[in-house]
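Structure first, commentary second.
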Amino acid sequence: MSTSPPPPLALLLDMDGVLAEVSSSYRSCILLTCAHFLPQLEPCPVTSAVVKARKEEGGCNNDWVLSLELIKRFLPEEGREPTLEEVTAVFEDLYQGTPSSPGLKASESLIPALGVLTELRRRLPGKMAVVTGRPQKDCDWFLAQHGLSGLFDATVCMESGPPKPSPAPFKLACERLGVAVSEAVIVGDTPDDVLSGLSAGGRGVGVALPHDFARAVLDGADYKAGGLSKRMLELGAEGVIRPGLADLLDLFPR
């Protein structure tokens, strides 16, 4: 007779798509950056569907690198291949903003209700961390912008080491929280998040993207049956929860 695993002692949360709604910021920056370097192609072949499909494959936790990869995929033979530094500069101008143009990061919103995160913190004092591929300054900005800085005991960001799906971010977060990897669960919206936890010897739970979940509800479909949700389950996620993280309250006892 099978038994459920014990509740984890620590919660590691990805940021983009889990805490932060980024469809109009990071995802838009990918599309606009690719269009900038592929002006001879109209319409730009790098679409939201192309980005989503690539995310489902995994191994693309850095959006600067992903943008360059997609540009190179569609670059005509006569086109000049940009450097990563050039791609990053265009991407960052779009995201951070310039003196003449506001940054797309201003469009980001908090997906979970603050009350849900506060209750999770009450149940997990000293045992919550953010594990993200964002640069540290962008992570800190979002947490401060939405009053979340005091809820998390550690942050593991781009500068911390190898990106997900490497087990390194998961292990480092556990080290900073003072827990064993087997006692922690990472919650994310991509295969890279789940694989980071599983390859470290921990646990992984998927969360559906708000847009994908809403579309499934409108279509009367199972939100776990396709796309990123299906892929995360195939890779070994314990489950895929609804956007907003309220389902996590069932994972952690009062």
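The values are calculated or read from the model by the stated rules, or taken from the named source; none is laboratory data. Small disclaimer: the values here were computed from a predicted structure and weren't measured. Cβ atoms come from the backbone with ideal geometry, glycine included; neighbour counts cover every protein chain shown.
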(request) Just give me the residues in the range 37-58 being over 20 Å from ALA214 (Cα atoms), touching a residue at least 60 places away in the same chain (Cβ under 8 Å) and crowded, with 17+ Cβ neighbours inside 10 Å, in sequence order. (result) GLY58
(request) Taking only the range 124-141 into account, find how many residues are assigned to a loop (DSSP other than H, G, I, E, B), within 16 Å of TYR26 (Cα to Cα) and of a type in the set (Lys, Arg). (result) 1
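For the range 124-141, give me each residue that is surrounded by 17 or more Cβ atoms within 10 Å (Cβ to Cβ) and out of contact with any strand residue (DSSP E or B) (no Cβ under 6 Å at 6 or more places or on another chain). Please lay out each step first, then the result.
Applying the first criterion (surrounded by 17 or more Cβ atoms within 10 Å (Cβ to Cβ)) to the range 124-141 yields 124, 127-134, 138-139.
Within the range 124-141, THR132, GLY133, ARG134, ASP138 meet the criteria.
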(message) Given the condition modelled with pLDDT under 95 and farther than 24 Å from PRO165 by Cβ, answer yes or no: does some residue in the range 81-93 qualify?
(response) no
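Looking at CYS34, is it in the same structural domain as GLY79 (by TED's automatic domain parsing), surrounded by 21 or more Cβ atoms within 10 Å (Cβ to Cβ) and on the phi < 0 side of the Ramachandran plot? Write out each step before concluding.
Values: in the same structural domain as GLY79 (by TED's automatic domain parsing): yes; surrounded by 21 or more Cβ atoms within 10 Å (Cβ to Cβ): yes; on the phi < 0 side of the Ramachandran plot: yes.
Here the answer is yes, as CYS34 does meet what is asked.
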(message) Just to check your reading of the model, which residue among ARG176, ARG203 is closer than 13 Å to LEU12 by Cβ, at pLDDT 95 or above, surrounded by fewer than 19 Cβ atoms within 10 Å (Cβ to Cβ) and in the same structural domain as ASP138 (by TED's automatic domain parsing)?
(response) ARG176
